[in-house]
Amino acid sequence: MNQKNPAIGKGVDWVMIWLYAILVMVGLLCIFSVEYRTTDGVVESFLGFKKNYSKQLFYFIACIVLATFILLTDSKLFTATANISYLVGIALVLATFVVGKEIKGSKSWIPLGFMNLQPVELCKIFTSLALAKYLSMPDMDFRKPQSQIIAAAISFAPAALSILQGETGLALVYFSFLIPMYREGLPPGYLITGAAMAVLLIASLLFSTTVLLIAFAVLGAVFIYFNRRQIKRSNQLLIGVISIWGFCSVFVGVVVPFTFKNVFKPYQADRIFSMVGVDNPFADKNSTGIFNQDDQKAKQKKSDKQNYNVKQSKIAIGSGGILGKGFLKGTQTQGDFVPEQHTDFIFTSVGENFGFWGSTLLMLLYMGLIFRIISIAERQRSTFSRVYAYCVASIIFFHVAVNICVTIGLAPVIGITLPLLSYGGSSLLTFTILLFILIKLDADRQMVLR
């Protein structure tokens with residue numbers, strides 16, 4: 001018997017596979033519930049490759065074949081090809097600028113005939129492998145600033161290209177790679193700084209720049225007054241206070257206005273400010289001239305559409321109550337009142353059909369999947385496998401958290417799918433590959449991979 005080629009099921013974490021299969025089947029049911037009509041034949045529509053749930057079923061079958069192939073692959077292949085696959089992923093993203101197809105204002109898709117491929121989605125796989133490869137180098141010292149800069153460049157290069165494509169939402173997903181970097185020794189100061197920036201951003205939504213700058217000055221003066229004795233003994237505290245004051249002032253006075261004016265699209269900025277019930281202070285107030293008037297109307301129309309999407313989403317979820325209306329009985333989703341209800345707003349189907357208990361059960365499934373991945377990560381002998389596992393857990397957590405926050409109105413609409421549930425070949429393919437590479441690495445966890 002050849003010991004170098006064990007059976008496909010040897011060492012495989014079947015809990016992960018069952019969680020994967022259950023979530024995909026829930027997704028099929030949700031897509032079916034929003035598209036199926038009583039005039040459609042169930043079997044015929046499933047096999048016709050015309051309905052989205054029919055296409056998703058075929059994508060799932062293709063993913064099963066691909067998952068089987070991954071489980072039969074030597075784990076060393078993933079370490080050996082990590083860097084080259086990353087370069088291929090970047091090349092595919094760059095190719096969209098030449099041969100890309102524009103969908104919903106974003107030129108980030110490559111048409112393949114039977115489906116549209118979104119390279120920036122697949123690039124999450126390649127980035128995870130490349131980051132794991134880099135952090136598992138034998139001479140790696142992640143405490144060195146140059147190592148941290150290289151890791152950040154690997155993680156955020158696809159995000160920069162995604163922003164240029166108009167895919168701001170997917171670009172934000174790449175910030176999830178900070179979690180595996182933190183696990184491998186990234187100083188907590190970076191995360192504290194990031195949290196502080198988030199707080200300052202929220203404060204910028206609620207208060208004007210002038211009010212915040214005055215508040216920073218007053219707080220700094222009060223702190224210096226009550227610590228004047230310590231400052232007399234050492235001026236390091238004073239330098240620290242001035243540095244923090246300068247950082248906060250520059251962030252609020254320069255970074256935030258620049259971001260809302262030049263990075264976010266106008267409708268995205270308007271949507272963010274509408275969440276806290278205020279007008280966008282960074283919007284272009286010049287509405288003179290025919291071009292500007294038309295442009296303002298287009299922006300307002302886009303913003304109104306985003307608000308409508310979220311409003312209908314909340315109505316659908318709220319109408320489900322505690323127990324839900326029942327499968328195929330949702331009036332909002334069956335009536336096509338919720339836009340994009342088979343992709344970005346698929347959670348509305350769960351909320352309306354199965355209510356609070358169904359939504360809670362879905363959250364428990366996702367939590368079980370994420371905690372299972374973390375458990376798998378911590379039992380790895382190889383740094384490569386551990387880093388990769390944390391990358392997968394972070395990506396899934398980010399997608400779930402942001403998608404559900406969007407559907408219930410707690411985050412702006414940025415176009416992030418719900419893992420394994422939302423319709424889409426690129427999304428299902430990406431999460432399938434992410435998970436089954438991890439399952440294969442875990443099956444060979446006694447090996448030390450670099």
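Considering every residue within region 352-372, establish whether at least one is modelled with pLDDT of 80 or more and outside any helix (DSSP H, G or I).
no
Any residue in region 136-162 that's β-branched (V, I, T) and surrounded by 11 or more Cβ atoms within 10 Å (Cβ to Cβ): show its pairings with residues that are part of a helix (DSSP H, G or I) and modelled with pLDDT of 85 or more at Cβ separation under 7 Å, as long as the two are six or more apart or on different chains.
Every condition considered, the pairs that remain are I150/Y134; I154/T127; I154/A130; I154/L131; I154/Y134.
Please tell me if S204 is small (G, A, S), within 32 Å of the chain's Cα centre (by Cα), more than 30 Å from A393 (Cα to Cα) and surrounded by fewer than 16 Cβ atoms within 10 Å (Cβ to Cβ).
No; evaluated as a whole, the condition is false for this residue.
Does any residue in region 117-130 that is at positive phi and hydroxyl-bearing (S, T, Y) come within less than 8 Å, Cβ to Cβ, of a residue that is modelled with pLDDT under 95 and in a strand (DSSP E or B) six or more places away or on a different chain, and which pairs are these?
Note: no pairs meet the criteria.
Are any residues in region 223-272 closer than 21 Å to A171 by Cα and modelled with pLDDT of 80 or more, and if so, which ones?
F251, V255, V256, P257, F258
Determine whether region 390-402 contains at least one residue that is without any contact (Cβ under 8 Å) to a residue 60 or more places away in the chain, in contact with a helix residue (DSSP H, G or I) (Cβ under 9 Å, 6 or more places away or on another chain) and in a helix (DSSP H, G or I).
The answer is yes; a qualifying residue exists.
With the condition kept exactly as written, say whether any residue in region 88-110 is in contact (Cβ under 8 Å) with a residue 60 or more places away in the chain, touching a Cys at 6+ places or on another chain (Cβ under 7 Å), closer than 20 Å to L438 by Cα and crowded, with 20+ Cβ neighbours inside 10 Å.
Yes; the residues of region 88-110 include at least one that is in contact (Cβ under 8 Å) with a residue 60 or more places away in the chain, touching a Cys at 6+ places or on another chain (Cβ under 7 Å), closer than 20 Å to L438 by Cα and crowded, with 20+ Cβ neighbours inside 10 Å.
The values are calculated or read from the model by the stated rules, or taken from the named source; none is laboratory data. Keep in mind that this is a model prediction, so the values were computed, not measured. Neighbour counts run over all protein chains shown; Cβ positions are idealised from the backbone, glycine included.
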